[in-house]
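Let me begin by presenting the structure, written as structure tokens, before commenting on it.
The values are calculated or read from the model by the stated rules, or taken from the named source; none is laboratory data. In this text, all values refer to a predicted model and were calculated from it rather than measured experimentally. Here the Cβ positions follow ideal geometry from the backbone for every residue, glycine too, while neighbour counts run over all protein chains shown. To get the accessible areas, we keep the full protein, side chains included, count just its heavy atoms, and leave off ligands, DNA and RNA. Shrake-Rupley method; radii C 1.70, N 1.55, O 1.52, S 1.80 Å.
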Amino acid sequence: DAKTTQPTSMDCAEGRAANLPCNHSTISGNEYVYWYRQIHSQGPQYIIHGLKNNETNEMASLIITEDRKSSTLILPHATLRDTAVYYCIVRVATRNQFYFGTGTSLTVIP
Amino acid sequence: DGGITQSPKYLFRKEGQNVTLSCEQNLNHDAMYWYRQDPGQGLRLIYYSQIVNDFQKGDIAEGYSVSREKKESFPLTVTSAQKNPTAFYLCASSTRRGSMNTEAFFGQGTRLTVV
């Protein structure tokens, strides 16, 4: 599976949009981009995933560049509860493994 | 409620003892996984199972064993051969739609401390 690169940490003001970038320059055509987050000492929580098109759900939006080499997770109105480590993962749909890197530690500031 | 349950949340064992971590899911998922997480690190795959009575090693399987006798259950045994067993252990499951594997759902983890 392709590797991902994320910033180690980011801050965001409460109420503002949080934009978390992810580079996956070696992504293949059949690899999906997944985003998870992990609040301290809990299991990771699924947020969103996509292949080519931008995706939106009740939690977030996922913007994938046209060449698919990078993506951005957008939390539209960050709250203190969004403080967590966010993982960007690329994964082949037919394989049953999810590979997690070290993610981005997002701190939402009051 | 449907979900994935790990027990216990905290576990203490003496060095040299085997210990088994429980993972149960009632989501009717075919695939189940075990991950290990060390402080400040991402998750590393220990074992995964795509179907009952079948499982494969992940990246760090040495010192661990699993079984998959039932669809709902995927217990992990940390053996005395595991050199650094103290860690946070996470279980996950996922299903398939057609040829696609869907997102994985995680349990709340078991924190194992070996003294």
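Could you tell me which residue of the stretch A:1-29 is modelled with the highest pLDDT, considering only residues that are aliphatic (A, V, I, L, M) and assigned to a loop (DSSP other than H, G, I, E, B)? If we take residues in the stretch A:1-29 being aliphatic (A, V, I, L, M) and assigned to a loop (DSSP other than H, G, I, E, B), then A:ALA17 is modelled with the highest pLDDT. When the strands (runs of 3 or more DSSP E) confined to the stretch B:11-115 are screened for residues that are within 26 Å of A:VAL33 (Cβ to Cβ) and more than 8 Å from chain A (Cβ to nearest Cβ), those reaching at least 1 such residues are found at B:19-25, B:31-37, B:43-51, B:54-57, B:87-94. Within the option set A:THR56, A:THR83, A:THR104, being surrounded by fewer than 17 Cβ atoms within 10 Å (Cβ to Cβ), of a type outside the set (Asp, Glu) and under 23 Å from A:ALA17 (Cβ atoms) holds for one residue only, A:THR56. Can you find a residue that is among the aliphatic types (A, V, I, L, M), under 11 Å from the mean Cα position of the chain (by Cα) and open to solvent by less than 50 Å² (accessible area, probe 1.4 Å) anywhere in the stretch A:37-47? Yes, the stretch A:37-47 contains at least one residue that is among the aliphatic types (A, V, I, L, M), under 11 Å from the mean Cα position of the chain (by Cα) and open to solvent by less than 50 Å² (accessible area, probe 1.4 Å).
If you filter the stretch A:65-80 down to residues that are of a type in the set (A, V, I, L, M, F, W, C) and more than 11 Å from the chain's Cα centre (by Cα), you find that the one that is most open to solvent (accessible area, probe 1.4 Å) is A:LEU80. Number of residues in the stretch B:1-29 that are open to solvent by less than 50 Å² (accessible area, probe 1.4 Å) and under 11 Å from B:ALA92 (Cα atoms): the value is 6.
Taken over the stretch A:29-62, residues that are facing another protein chain (nearest Cβ under 10 Å) and among the small types (Gly, Ala, Ser) amount to 2. Each residue in the stretch B:9-55 was checked for being basic (Lys, Arg) and either in contact with an Asp or Glu (Cβ under 6 Å, 6 or more places away or on another chain) or under 28 Å from A:GLY101 (Cβ atoms) (or both), and 3 pass.
Cβ-Cβ contacts under 8 Å between residues 6 or more apart (or on different chains), taken from a first residue in the stretch A:27-52 that is in contact (Cβ under 8 Å) with a residue 40 or more places away in the chain and over 14 Å from A:THR104 (Cα atoms) to a second residue that is open to solvent by 30 Å² or more (accessible area, probe 1.4 Å) and of a type in the set (S, T, N, Q), are listed as A:ASN30/A:THR94. Inside the stretch A:7-36, residues that are charged (D, E, K, R) and buried (at least 17 other Cβ atoms within 10 Å of the Cβ) make up a count of 1. Among the conditions (1) within 21 Å of A:THR102 (Cβ to Cβ); (2) surrounded by 15 or more Cβ atoms within 10 Å (Cβ to Cβ), the only one that B:PHE74 does not satisfy is (1). Against the conditions (1) out of contact with any Pro (no Cβ under 7 Å at 6 or more places or on another chain); (2) open to solvent by 10 Å² or more (accessible area, probe 1.4 Å), B:GLY107 satisfies every one except (2).
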